[in-house]
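The structure under discussion appears below in the form of structure tokens.
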């Protein structure tokens, strides 16, 4: 597939559209040494579970195109989660690892691996129990003290809200009636009235998980039920790992209301549509998704769209037309990544799911309006804050994007230690490839969640001429550029402790 098949529709910027048109049809021929340079821009996050944790399936998932493996710490005890993390890293060292801590998420005891039917009108008991299984007659809740606050008439949603219960009796036992029928399996989340859940982050359980993670190798920490900037700052402080990319999962009304403040203190975002659709009117979810994606990308924060993207493929070989459209629309919305949950964690064919998502993304990217997206951003947009470093980085990457379009550059090269320069240019969604050259393997892996950024690990260098030589070498060896082509090279420096992108150079390939 070509990198450059976007049809120019917006006639307002003739120069930019002429640049895109001139790039259409250029094929990216990769050399054997640079097979890691990928064509697909939107990344794939796959959740690991019983169906996908074997070494063979992990390798096949990586080959099928997974960029990030998500490990949920809501399932299993801490030692088993750490063991799984280490095994994933050993089997697939080139794939980034996202660890997801559950926050105040309440889960049911396991229903097992086969669907359990809960028909409309059926009555069952809800009990507090740890390590117990759940059945159609008794649902165990793995959280102490929650049931004491329930009232008759309260609703409890199971999983993503497809199955719902209403409390009909509170006393020595809690009895609920099924008001929205469905089938459940595994250890689904339980959504209780928000008045019951009022914990600050990190919760006591998450603090223990964070302490256990402190010395482990992973790149991204996803934080559930983020309601404020304070939540993210508290978790970051508890982790005490500046090298880890922090991701705020937006899934509550408070998180939506405080989105601007959260964006400023986090490194990335997730549109967690499961709980978002339970806690807010479901008809609002598509509009909130667009708002979160736009806010995150505008400030150079990678944004992951998650939940039920190819849900049917948990048990079917092909997705529904609606699911295909959903994935494609997330791509067209500008999402940095799309995520698979149960489809790969407990689905019957995780590798087929990833291959299917890969095909959907590639087709959608052929229709992505790259010029309109870049034109819609302010060139001097501050990247999350109004500091001098942020203003300079935003201005310089904006200038790099404009120059690359006007001069018909074939690549944008970001020389970066922290990944900030690459994420800043990625927000423009340029039609040409973005190559991040970095001396840090951890940075290269973190960039696996960033839209369109392809990493090349190099020997550390500070001199701009050396960096330009490295940039030329990376794009020519990969087959992206040939003699006479132009590339734009961006580089940064550390000033007063802050990373600043302060150099942009147009280089002609000799």
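Diffusion of the stretch 275-316 by Stokes-Einstein, at 10 °C in a medium of 1.306 mPa s and with Rh set to the Kirkwood radius over alpha-carbon pairs, works out to 135 µm²/s. Residues 230, 192 in ascending order of nearby Cβ atoms (within 10 Å, fewest first): 230, 192. Label-to-label distance, residue 59 versus residue 469, with points set 7 angstrom from Cα along the beta-carbon direction: 3.9 nm. Spin-label model, residue 215/residue 86: points 7 Å from Cα along the beta carbon direction are separated by 1.1 nm.
Would you mind ranking 226, 179, 146, 318 so that the residue whose beta carbon has the fewest other beta carbons within 10 Å leads the list?
On the way: 226 30, 179 15, 146 19, 318 12.
Placing the least packed residue first, the sequence is 318, 179, 146, 226.
Packing-based ranking of 59-72, 334-347 yields 334-347, 59-72, ordered from highest to lowest mean Cβ neighbour count within 10 Å. What the Cβ-Cβ distance of residue 253 and residue 185 gives, at R0 = 30 Å and to the nearest 0.05, is a FRET efficiency of 0.60. Based on the Cβ-Cβ distance of residue 294 and residue 149, what FRET efficiency does E = 1/(1 + (r/R0)^6) give at R0 = 35 Å, to the nearest 0.05? For residue 294 and residue 149, the calculated efficiency is 0.40.
Put a dot 7 Å past the Cα of residue 173, heading toward its Cβ, do the same for residue 132, and the two dots end up 1.1 nm apart. Per-residue packing, averaged as other Cβ atoms within 10 Å, sorts the ranges 274-286, 44-56 into the order 44-56, 274-286, beginning with the highest.
Need one word for the stretch 146-212: rounded, prolate or oblate. Basis is the Cα gyration tensor (sqrt eigenvalues a ≥ b ≥ c); a/c below 1.5 gives rounded, then a/b vs b/c decides. Please report the intermediate quantities before stating the final value.
Details: a/c = 2.49, a/b = 1.51, b/c = 1.65.
Judged from the Cα gyration tensor, the stretch 146-212 comes out oblate (a/c at least 1.5, b/c at or above a/b).
Seen from every direction in turn and averaged, the convex hull around the alpha carbons of the stretch 448-487 projects onto 3.6 nm². Please say if the chain is rounded, prolate or oblate, where rounded means a/c under 1.5 for a ≥ b ≥ c the square roots of the C-alpha gyration tensor eigenvalues, and otherwise the choice is prolate for a/b larger than b/c and oblate otherwise? Because a/c hits 1.5 or more and a/b exceeds b/c, the chain counts as prolate. Computed per residue of the chain from DSSP H runs no shorter than four, each worth -39500 (n - 2.57), the mean residue ellipticity at 222 nm is -10000 deg cm²/dmol.
Shape class for the stretch 106-191: oblate, because the ratio a/c of the largest to smallest gyration tensor axis (alpha-carbon atoms, square roots of eigenvalues) is 1.5 or more and b/c is at least a/b. Both radii were evaluated on the Cα set of the stretch 243-351; the Rg over Rh quotient, with Rh as the Kirkwood radius, amounts to 0.98. Among 75, 122, 287, 200, sorting on how many other beta-carbon atoms sit within 10 Å of each Cβ, with the fewest leading, yields 287, 200, 122, 75.
Before anything else, pin down the relative contact order of the stretch 68-220: Cα pairs under 8 Å, at least 6 apart, normalised by residue count, whole percent. Kindly include the intermediate steps, with their values, before the conclusion.
Details: 299 pairs, mean separation 42.6, N = 153.
This gives 28 percent for the stretch 68-220.
With r defined as the distance between the Cβ atoms of residue 406 and residue 502 and R0 fixed at 30 Å, what FRET efficiency is calculated, to the nearest 0.05? That gives a FRET efficiency of 0.90.
So what is the diffusion coefficient of the stretch 372-508 in µm² per second by Stokes-Einstein at 25 °C and 0.890 mPa s, using a Kirkwood Rh over Cα pairs? Display every interim value, and only then the final one.
Values: Rh = 14.6 Å.
Calculated translational D: 168 µm²/s.
None of the figures in this text is laboratory data; all of them are computed from the coordinates on show. Predicted model, so just to flag it, every value in this text is computed and none were measured. A quick note on method: Cβ atoms are made from the backbone with ideal geometry, for glycine too, and the neighbour counts reach across all protein chains shown.
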